[in-house]
Amino acid sequence: MRIARFFVPIALAGLVLAGCATKNGGTTPIVPVDNGVKALSAQEILDKATAALNEAGSFHAKGDVTEEGTTISVDLKMKGKDAAGTVGTPDGAVQLLRIGTDVYFKADTSFWKKFGGAQADAIAVLFKDKWVKINADSEEFAGFAAMADPASLLKPSGTPTKAEEKVVNGQATIGVKDGENGTVYVATTGKPYPIRMEGLTGSGAIDFSEFGATFDDIKAPDASQVVDLSALMPK
């Protein structure tokens with residue numbers, strides 16, 4: 001459950017839930033019903049959150065994480081095993097797209113000039129405005145694939161323990177701490193979705209929202225905009 005493990009390899013590889021009460025007929029406030037997770041063990045809470053994400057089928061993850069002094073911004077939409085979004089680094093941004101077993105990424109000129117090596121300028125021109133296609137099994141992008149899998153996303157590195165209750169983005173939550181790796185806050189009313197995943201103090205957080213959204217914009221790019229990296233590699 002260490003949040004940086006999903007995003008730092010991507011960068012180097014080159015809910016808000018409506019927690020506010022609504023109105024019934026404009027007169028009687030509807031009080032959110034406790035979903036019972038507060039009474040469960042830490043692992044049981046994570047199991048409930050994992051099941052809720054699986055049932056939703058899609059979600060939006062957005063925030064910033066810091067690892068070894070490098071801050072990375074994350075804005076990703078997940079739909080089943082497919083995903084799309086952007087990871088930003090101090091050295092440039094990378095757009096990411098996963099459709100089935102294929103992963104595509106599109107980097108800006110700043111990114112290629114930083115990570116493109118001796119041929120950086122040529123690479124920046126070759127891949128300008130193009131999606132670079134690789135296989136989802138690529139080691140560098142394994143974290144991206146794991147991010148779309150609730151079981152991997154919410155799997156603790158050690159023995160989880162219950163943490164404090166607090167309101168996150170207007171939603172009542174309870175925390176589940178994973179040793180020194182951070183805390184995930186799970187909704188205690190409505191569906192037990194993970195609302196926020198926080199690292200240690202100062203290392204950032206990722207917020208989750210748009211559970212069950214259709215995300216029709218997650219689709220494979222036009223073939224004319226794709227460069228297949230495997231076709232460029234020596235046989």
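Computed from the coordinates by the stated procedures, all read-outs in this text should not be read as laboratory data. As the structure is a prediction and not an experimental result, all values here were calculated from the model. Note that each Cβ is placed from the backbone with ideal geometry, even for glycine, and that neighbours are counted across all protein chains shown.
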**Report entry** Given Lys128/Lys155; Lys38/Lys81; Lys81/Lys114; Lys48/Lys106; Lys130/Lys219, the pairs whose alpha carbons are separated by over 26 Å
**Finding:** Lys128/Lys155; Lys38/Lys81; Lys81/Lys114; Lys48/Lys106
Report task. Pick out, in residue order, every one of the chymotrypsin sites (Phe, Trp or Tyr not before Pro) in segment 57-108 that is DSSP loop and has at most 16 other C-beta atoms within 10 Å; say none if there are none. Result -> none
Report task. Could you list Glu67, Glu180 in order of exposure, starting from the residue whose Cβ has the fewest other Cβ atoms within 10 Å? Result -> Glu180, Glu67
Query raised in the report: Cross-link partners among aspartates and glutamates for Lys79, C-alpha distance below 15 Å, same-chain residues fewer than 8 apart left out?
Result: Glu55, Asp102, Asp149, Glu210, Asp216, Asp217
Query - Alpha-carbon centroid distance for the pair segment 25-101 / segment 173-218, whole angstrom - result: 5
